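Data block below; observations after.
The values are calculated or read from the model by the stated rules, or taken from the named source; none is laboratory data. If you're wondering where the values come from, they're calculated on a predicted model, not measured in any experiment. Cβ atoms come from the backbone with ideal geometry, glycine included; neighbour counts cover every protein chain shown. Side chains are part of the model used for accessible areas, which takes the heavy atoms of the whole protein and leaves out ligands, DNA and RNA. Shrake-Rupley method; radii C 1.70, N 1.55, O 1.52, S 1.80 Å.
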Amino acid sequence: MAAIWAGIDAGKTHHHCVAIDESGRRLLSRRVANDEPELLELLTDVLALGDEVTWGIDLADGGAALAIGILLNHDQPVHYISGRAIHRVSESYRGEGKTDAKDAAVIADQVRVRRDLHPIRAGDETVIDLKILTGRRMDLVADRTRTVNRLRAQLTGIFPGLERALDLTNKGPLTLLTGYQAPAAIRRLGAKRLETWLRNRKVLRADQLAETAVEAAERQHTSLPGEKLTARMVHTLAKEVTILNEQVAELDKLIEARFRDHCHFDVITSMPGLGIILGAEFLAATGGDMAVFGTPDRLAASTATAATPTRSSSSPRPRWSASACPPPCRRRSGTRADSRPATRWSSRSSAPGSR
């Protein structure tokens with residue numbers, strides 16, 4: 001009995017598995033449903049082919065979570081190889097068509113010949129929870145960014161002066177837009193009554209915000225077509241951004257509470273530039289086990305902080321650039337934890353209505 005290498009092309013409803021021997025000859029090729037009985041049967045059949053089986057898979061979570069969990073529970077070595085790497089290397093294999101069977105065979109062969117693939121290990125509950133929470137937070141922040149951009153576009157269509165003057169990510173301006181959106185309505189209300197209306201809704205620096213809004217309204221006396229309908233759209237979008245802000249704030253509390261339970265919390269947060277959110281995302285991205293990377297160079301490469309040489313035919317000297325890396329890695333390694341859209345008020349502590 002010889003060593004066996006098995007590759008799994010993972011999907012949401014079905015996987016395709018191909019097992020090969022040391023010469024690359026296919027011993028098994030099977031499509032299986034993403035259900036435990038079928039996966040256990042596949043595991044039994046593959047183990048019957050050889051003494052030692054090494055597995056490869058092109059997903060590390062999502063639809064592949066059940067298959068990975070079953071393999072790890074049976075003490076099977078599992079290695080991850082990205083779909084991008086499979087796509088690039090598959091061009092060197094025979095056949096131009098792209099099928100699940102071919103991708104699974106390429107995965108198996110890459111696991112057979114490569115020694116630099118990262119093994120997948122079972123993560124602790126804290127890291128798994130942080131991965132779920134930070135992933136949800138990134139989705140909400142992206143939704144908030146899109147909604148704020150729509151809000152700006154709608155407000156610019158009827159009241160460009162007010163859009164220029166306000167930071168539409170802060171509570172005060174959003175509260176203002178839930179009540180008043182058109183310049184004529186703000187002029188009729190006046191600064192004093194608008195300030196009182198804002199104070200009753202617990203807006204900080206209500207006097208500054210009211211004065212800014214009235215000044216913008218005094219500079220525009222033209223009513224634009226579609227103003228009434230657009231004002232209702234602005235009202236709805238402002239409420240949506242407010243709700244998203246509340247959801248992000250609630251998630252931040254959950255992330256901090258779960259992050260504090262991890263044994264490396266004090267060490268990670270003691271490093272310059274790593275706060276609660278970015279530190280939690282770092283744990284979620286690395287699994288909390290630095291031994292997986294083997295060397296500091298591999299860790300730097302996976303986070304796009306290692307420079308790699310690139311040479312152009314027009315340049316006699318090599319140029320250095322960051323390593324190619326998926327957007328989540330670049331975000332975790334070099335961007336702010338809170339990816340709110342950049343605004344003109346974001347760096348001013350005296351922004352009207354800001355918290």
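In the range 96-111, which residues are among the basic types (K, R) and either farther than 23 Å from A3 by Cα or at pLDDT 95 or above (or both)? Even if it seems obvious, please write down each step before you answer.
Kept after step one, since they are among the basic types (K, R), are these residues of the range 96-111: 98, 102.
Correct list: K98 only.
Residues that are over 17 Å from K239 (Cβ atoms), aromatic (F, W, Y) and either more than 34 Å from the chain's Cα centre (by Cα) or open to solvent by less than 20 Å² (accessible area, probe 1.4 Å) (or both): does the range 170-187 have at least one?
Checked the range 170-187: no residue is over 17 Å from K239 (Cβ atoms), aromatic (F, W, Y) and either more than 34 Å from the chain's Cα centre (by Cα) or open to solvent by less than 20 Å² (accessible area, probe 1.4 Å) (or both).
From the list W55, W5, exactly one residue is touching a residue at least 60 places away in the same chain (Cβ under 8 Å), aromatic (F, W, Y) and either surrounded by 16 or more Cβ atoms within 10 Å (Cβ to Cβ) or in contact with a strand residue (DSSP E or B) (Cβ under 6 Å, 6 or more places away or on another chain) (or both). Which is it?
Details: W55 fails: touching a residue at least 60 places away in the same chain (Cβ under 8 Å).
Step by step, each of W55, W5 is checked, and only W5 is touching a residue at least 60 places away in the same chain (Cβ under 8 Å), aromatic (F, W, Y) and either surrounded by 16 or more Cβ atoms within 10 Å (Cβ to Cβ) or in contact with a strand residue (DSSP E or B) (Cβ under 6 Å, 6 or more places away or on another chain) (or both).
Restricting to the range 95-114, give me the number of residues that are out of contact with any Asp or Glu (no Cβ under 7 Å at 6 or more places or on another chain), aliphatic (A, V, I, L, M) and open to solvent by less than 70 Å² (accessible area, probe 1.4 Å).
Number of matching residues: 5.
I'm trying to understand the selection: among the residues of the range 115-126, which are surrounded by fewer than 19 Cβ atoms within 10 Å (Cβ to Cβ) and either modelled with pLDDT of 90 or more or part of a helix (DSSP H, G or I) (or both)?
E125
What pairs come up if the first residue lies in the range 239-254 and is open to solvent by 30 Å² or more (accessible area, probe 1.4 Å), the second is among the hydroxyl-bearing types (S, T, Y), and their beta carbons are under 9 Å apart, counting only those six or more places apart or on different chains?
K239/T178; E240/T147; T242/T175; T242/T178
What are the residue pairs meeting all of these: first residue in the range 205-219, first residue over 12 Å from L176 (Cβ atoms), second residue open to solvent by 30 Å² or more (accessible area, probe 1.4 Å) and of a type in the set (K, R), Cβ atoms under 9 Å, and 6 or more apart or on different chains?
Taking only residues 6 or more apart or on different chains, the pairs are D207/R199; E218/R187.
State all residues of the range 67-93 that are at pLDDT 90 or above and acidic (D, E); if no residue qualifies, say none.
D75
If only one of D109, D167 is of a type in the set (D, E, K, R) and within 30 Å of V78 (Cβ to Cβ), which one is it? Spell out how you get there, then give the answer.
Numbers: D167 fails: within 30 Å of V78 (Cβ to Cβ).
Exactly one of D109, D167 is of a type in the set (D, E, K, R) and within 30 Å of V78 (Cβ to Cβ), namely D109.
Whether any residue in the range 255-274 is under 30 Å from T126 (Cβ atoms), in a helix (DSSP H, G or I), acidic (D, E) and open to solvent by 30 Å² or more (accessible area, probe 1.4 Å) is what I want to check. Give the derivation first.
To start, the set of residues in the range 255-274 that are under 30 Å from T126 (Cβ atoms) comprises 255-274.
Checking which are in a helix (DSSP H, G or I) leaves us with 255-259, 265-269.
Okay, now just the ones that are also acidic (D, E), so 256, 266.
If we keep only those that are open to solvent by 30 Å² or more (accessible area, probe 1.4 Å) too, we end up with 256, 266.
Checking the range 255-274: at least one residue is under 30 Å from T126 (Cβ atoms), in a helix (DSSP H, G or I), acidic (D, E) and open to solvent by 30 Å² or more (accessible area, probe 1.4 Å).
When E281 is evaluated against the numbered criteria (1) touching a Phe, Trp or Tyr at 6+ places or on another chain (Cβ under 9 Å); (2) modelled with pLDDT of 85 or more, which criterion, by number, is the only one it fails?
All conditions pass for E281, except number (1).
Determine which member of the set A64, A85 is in contact with a strand residue (DSSP E or B) (Cβ under 6 Å, 6 or more places away or on another chain), outside any loop (DSSP other than H, G, I, E, B) and under 17 Å from H118 (Cα atoms).
Details: A85 fails: in contact with a strand residue (DSSP E or B) (Cβ under 6 Å, 6 or more places away or on another chain).
When all the criteria are applied, what remains is A64.
Are any residues in the range 77-94 crowded, with 17+ Cβ neighbours inside 10 Å and either closer than 17 Å to L43 by Cα or among the small types (G, A, S) (or both), and if so, which ones?
Taking the range 77-94 first, the residues crowded, with 17+ Cβ neighbours inside 10 Å are 78-81, 86, 90.
Correct list: V78, H79, S90.
Which of (1) open to solvent by less than 30 Å² (accessible area, probe 1.4 Å); (2) closer than 22 Å to P119 by Cα does L28 not meet, given it meets every other one?
It fails just one condition, (2).
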